[in-house]
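Structure first, then comments.
FYI, it's all coordinate maths here, none of it is from the lab. Since the structure is predicted, the reported quantities are computational estimates derived from the model, not experimental observations. Ideal geometry is used to build each Cβ from the backbone, glycine not excepted, and the neighbour counts take in all protein chains shown.
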Amino acid sequence: MGRIVLVIALVLSGVFAVPTQALAKSDTTLYIVQLSGDPARRTESARAAVRANRESVLRRAGIGRTVRDYDTVFNGFAAALTAAQREKVERTPGVARIWKNERHTADTISTPAFLGLAGADGVWAKQFGDPTRAGEGMIIADIDTGFWPENPSLAGLPEPRPDQAVIDAKWKGTCVAGTGTPQQQVTCNNKVIGARFYDSSGFGGWSGEFRSPRDYDGHGTHTATTAAGDYDVAATINGKPVGSVSGMAPGARIAVYKALWRQEDGEGSGGTVDLLAAIDDAVADGADVINYSVSGSTRLVVDPVSLAFYNAAAAGVFIAASAGNEGPDASTVAHNAPWVTTVAASSHDRGAIKSVTLGNGRTYQGIGQGDAVPDAPLVDSVNAGLAGAAADRVELCYPGALDPVKVKGRIVLCKRGVNPRTDKSIAVRDAGGVGMVLYNPSENSLNADYHVIPTVHVDEVTGAAIKEYVRGANPHAALSATTTTVARAPAVAAFSSSGPADAGDGDLIKPDLTAPGVDIVAGVSPAGHHGNMWDGESGTSMSSPHIAGIAALLLARHPQWSPAALKSAMMTTAGNVDNTGGAIQRGAHPANPFDDGSGQVRPARAFDPGLVYDSGAADWARYACGIDQMQLASDWCPVVGAIDPSDLNYPSIGIGSLPGDQTVTRTVTNVTDLPSVYVATVTPPPGTTVEVSPPTITVPAGGSATFKVSVKRTDATYRQYTFGALTWTDLRGHAVRSPIAVRPVALTGPGEITGTGAAGHAGIDLVSGYSGIVTAHPYGLAASSEHSQKLIGATAAFVPSAPGLSPAIFSFEFTLPPAVKLARLATYDADVAPGTDLDLYVYQDGELVGRSDGTTSDEEVPLNGGSGTFQVYVVQFGLPPTLTDQVVKAHLFVVGAPLTGNLTVSPKQRPVAPNDALHFDVAWQGLDPTKRYLGLVEFGDGTAARAWTTVAIGPQRPTIP
C-alpha cells in the first residue's frame, strides 16, 4: 500500500466545470504555462496585479479560454493548446516556460507512544495538557484521494472549541459536496472543515469512483487521519479489535483536496494541474501545513509542483512530502528541494511474529496477523492457476486467477508485487484456501498486514527455500498464531527511496529525516478496503503525514517559526539509535544519512531545539541558481545571485565532490529566551579531517552566530561517500546535531564538452585533489548508428509501465557488450520539424531503466555501465500543426576501445598538487561533417581512472550567406 500512480497531466481546478471530453480533442494538448514574475502568495493586492498581467498575456497570445488559473503559489495558467498555439504562447512576452505532462509513480496504532506523544510524560500532555487539544488552531491540508466523512477518526470535535476564533480568522476555504446521491457526496464538520476535488484529465472516470471529495481508494483517509485523526478512537479490522488509534495532532483541523482518483485496476491517478490547483487552493484557503504523500521529480527542484511549494513555503506554509518507494537503490529519492521536508519510512516497535513450519520439520519465521492454521497441504500459486489465466497473474495471486480445485483446503505460496498484498489473500480465500505464505522475490520490507485469512510474510531467502520444498512430493505446512512482541525499531524500510539526490549532485542531503511508515494503522475508506474503516498500510506515503502532524504541533506552540525553522528543529533533534541502543539499521547494515537523513523524528526534543538553521525564499533561490536549475524556470538568478549549494544554511552538510578540501558556512539562531554558549563536537567522516571555526559560539537570546566547517580528505576512498556529524551542545541540555556526507574525488571538472564540424578543439578545466600526476586518455570518437521510422500523428497515451506501439511510436532493440566505455541514446531537435516533441524510454528485461521526456526533441538517455539487450521506444508526443507525419531518428552511440586519429588531448600528462587548476585541450579531426559523434576523455593518476568528460560533436552548422 502507499503506492499511488500519479499522471502528470493537466487538470481542472476547484470543482470540475469543464467536461473531460471537451478537452480531449486530438489536435490539442493540455499544458501549464508559467508566467514571469512572482505569484501573489497570500497578498490580495499582489493577486490583483498577477491576474491583470495574466489577462494581458492571454490577450497577446490569443488564448480565449484557460482550464485553470493560478495566482497564489504559481503564476500562470493551464490551457489546451494546439501545436501552433503553443509556439505562439512560447514567443509571447511575459511567458517564462511551458511545462508538458509527464507520468510518475507516487507513492497508527502505537506510533504516538513510540514517538513519545502519548502518556503522562508525552508531548500531548506536557505541551497541550489535554491530548484532544494537541495542535489546536492549526489547519493541515491533505492533498490525496479524498476522505471518508463517516470514519470515526474524522468525527466532529467536542464543542465549544477554544481555537474556533483562530480558525475562523484564517480559514477562507469551502466544503464542496460533489455530485451524485447524498451517499456519494460529502459533508464537513469542525474536524474536516473543507473539501474540494479536481478532475479534467480524465482519471476520475471509473464507474466505482465518487464525483466528490469522497475517498474510494482509502489512501487519502489514511494520510489525513495519520496526520490529525481524532484522539483515542477504538479501531477494528476484519471485525476484530486492534486497539485505539490517534493522529499526530488530534486537535488540528483538516482540509481535504482530492486530486487523485482510483482506477479500475486498483491504482490511483491524477495530474499536475489537479495537484497544482490543490496546492494553490490550500494556501489561499489558509492552510498552515500541507501533507503531500505523492512522489515527485528526482531530478528537478523547479518543476511546477516544486515551484508551487517554493511559494507556499515562502508564504509560511510547512510542506511534508514522501521520499518515494523506489528503495533501496541509490539516488531514487524524490522531492529534493530544500523548501520541502522529505520523509523516509521506517518501522515502529509493534512486532507481530508469525512462523511457517514445513512438512520436513523446518520452521521459518516471518511476520503477520491472524490465527494459527494446522497442518495442511501447501501449493505454489504457479501450480494453482485456472486454465487460461495469465501466468504472471496466477503467480501473483490475482483475484479470479486461482483454481478452487487446486486451492481448496490448502495453504498457498504467493509472490509479492504489483497487486495489493491483501488482495492476494482475498484471492486465496475466494478459491477456498485456508492460509497464505507471502514471499518477497527480492529485498523488501516485511509487512504485518491485516489479511482476510491467516498469512505469514517472509523474506526473499525464506521464500526461495519454501519454493524449493514445494517442488517435492506431498508438501505440507502449518502456520503459527501471531506472537506480539516489541520489535527492534526503528529500522529504515527497504522500499524507502534513498539518496544521494540527483538534483544537487549530493550537495544537499535528502531525505531529511525518517518517521514510521511500515504497517501503520489508520482510518481508510470502506469502499476500497473490504468494508473496513481502519487498515494497516506501508509506504513513505504513511511516514510523511507523521511529520505533517508533528509540524502542526510545533507550529501551534511556536507560531513565529518559519518552515525552515520547523524543519531544522525536527532534523537537529532526531535520533540515530534504535530501541536497543544500537545504530538505526537498514537491512543488515547501519543506516546512513542517505537512508534516513538526520534520523528518526523525536517530537519532544523538537519543541526546544536550542538552535535552528533558518533560511527563506532568497536563500532557496540562490541555491537553485547554484545548481543551475532556477535558470530553467525564471530570470531571477542575475538578480538574486547564486551560492555554492553546499553553503545553503541547511541543518545537514553535504559535499558531493570534495577535491582536497572545502569550507562551508552556516548560521544558527537561538530560539530560546536565554543566551547560551555552545561547544562544537565533530565525528569526522572516516578518511577526512573536519575543523570548526570558531569551535565555541556565544548566541544571545533570539540572536545568531556564524561559523565555518572545513573538511579535508586524508585517505578516504575516492568517489565513495563517507559520513560523520557535527553537534553543538550547551549546558542547558541542548544537542544540535547535523549529519555530514562528503564524497572525496581526485579530480573535478565538466561532465561534457561539445563541438561541431569535421575538425575543431575545446578546453577542459579541472581541479585536482592530490599530489602526483594527471594522465589524459581519449576514447572515441564513435559515430552514431541511426534508427529511424516514419511516425504518423502524435500521442500522449504512452504508458511507461505498460509500453506499446502505435503509429506515433516506434521501437527497436540493441545489444551492448560488457567492455563499453560509454553508451548513449539521443534524439535531436535539429532532426525533426520545429515544434516536434519526442520522448525516449529504454527497457531491459521488461524494466524501465531510462527515460527522457522533456518538452522538446532534445532527449538523452545514458547507459553507462550497462550491458545486455535493451529495447527502446521513441514516442512522438507532439507535432507541429502543418505536419501529419515525418521520419524520426534515434541515435545510438557506443564508445569502446580508444580510436586513433579523430580525437586527441594535450597534454597527455602533467604534475599536480591539491587544489591545482588544470587545463587540457581536446581536438578532433577527420570527421564526417554531416554525422554526430561521441567520445570520452578519461583522466587518471597513473594507476586508476579518476574523472571522465564526454565529448559530443554535432554536424557542421550551415553557413548563413
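Structure above, values below:
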read-out	value
Sequence of I550, I353, I773, I466 once ranked by neighbouring C-beta atoms within 10 Å, starting from the fewest	I773, I353, I466, I550
Kirkwood Rh (inverse of mean 1/r, distinct Cα pairs), segment 366-500, angstrom	15.1
Top positive-direction residue, dipole computed over the chain with Cβ charges, set P182, G523, S381	P182
Nearby aspartates and glutamates by direct alpha-carbon distance to K889 (threshold 16 angstrom, same-chain neighbours under 8 apart not counted)	E786, E813, D829, D831, D837, D839, D853, D858, E859, E860
Computed label-point distance, nm, for sites D375 and K790 using a 7 Å Cα→Cβ extension	7.1
Computed helical MRE - 222 nm, the chain, DSSP H runs ≥ 4 contributing -39500 (n - 2.57), nearest 500	-4500 deg cm²/dmol
Part-to-part distance (alpha-carbon centres) for segment 821-852 and segment 465-482, which is given in Å	46
FRET efficiency, 1/(1 + (r/R0)^6) with R0 30 Å, evaluated for Q886 and T815 via beta carbons	0.60
Only Lys, Arg (+1) and Asp, Glu (-1) charged, at Cβ; segment 652-745 dipole about Cα centre in debye	240
Derived scalar couplings ³J(HN,Hα) [segment 331-337; Karplus, 6.51 cos²θ - 1.76 cosθ + 1.60; whole Hz; x for Gly, Pro]	6, 9, 5, 10, 6, 9, 6
Beta bridges by DSSP in the chain, antiparallel share as percent, to the nearest 5	75
Dipole of segment 290-363, positive end: most advanced residue of L307, A344, A321 [Cβ charges, Cα centre]	A344
FRET efficiency, 1/(1 + (r/R0)^6) with R0 56 Å, evaluated for K88 and N474 via beta carbons	0.15
Surrounding net charge for T580, when Lys and Arg each add one and Asp and Glu each subtract one, Cβ distance under 12 Å	-1
The chain shape via C-alpha gyration tensor axes, a/c threshold 1.5	rounded
Under 27 Å from K126, Cα to Cα: lysines that are on another chain or at least 8 residues apart	K170, K191, K567
Compactness of segment 817-903, expressed as Rg and Dmax over alpha-carbon positions, Å	14.8, 46
Residue-span extension gain [I773 to R719] - 0.36 nm each, minus C-alpha spacing	17.6 nm
Amide H contacts of L658 (H built 1.01 Å from N, under 5 Å, at least 5 apart or other chain)	R743, V745
Sorted by Cβ density within 10 Å, fewest first, the residues K172, K424, K931	K172, K931, K424
Across K708/K821; K821/K931; K258/K408; K408/K467; K790/K931, pairs whose alpha-carbon gap is larger than 31 Å	K708/K821; K258/K408
N579 long-range amide H proximity, modeled H, under 5 Å	A489
Dipole magnitude of the chain about its Cα centre (Cβ charges: Lys, Arg +1; Asp, Glu -1), debye to nearest 20	180
Three principal axis lengths of segment 794-840 [C-alpha, angstrom, descending]	37, 29, 15
Residue order, fewest to most surrounding Cβ atoms within 10 angstrom, among H777, H219	H777, H219
More than 21 angstrom apart: percent of Cα pairs within segment 456-531	62
Gyration tensor verdict on segment 748-954 (Cα atoms; rounded if a/c is under 1.5, prolate if a/b is larger than b/c, oblate otherwise)	prolate
Prolate/oblate/rounded call for segment 346-432, Cα gyration tensor, a/c under 1.5 rounded	oblate
Gap separating the Cα centres of segment 497-554 and segment 643-686, nearest whole Å	28
For G687, net neighbour charge (Lys/Arg +1, Asp/Glu -1) across residues whose Cβ lies under 9 Å away	0
All lysines inside 21 Å of K88 as judged from Cα atoms, apart from same-chain residues fewer than 8 positions distant	K25, K100
Centre separation in Å (Cα based) which lies between segment 353-393 and segment 188-251	33
Calculated from backbone phi, Karplus (6.51, -1.76, 1.60) coupling profile of segment 582-589 in Hz, x at Gly/Pro	x, 5, 4, 9, 10, x, 9, 10
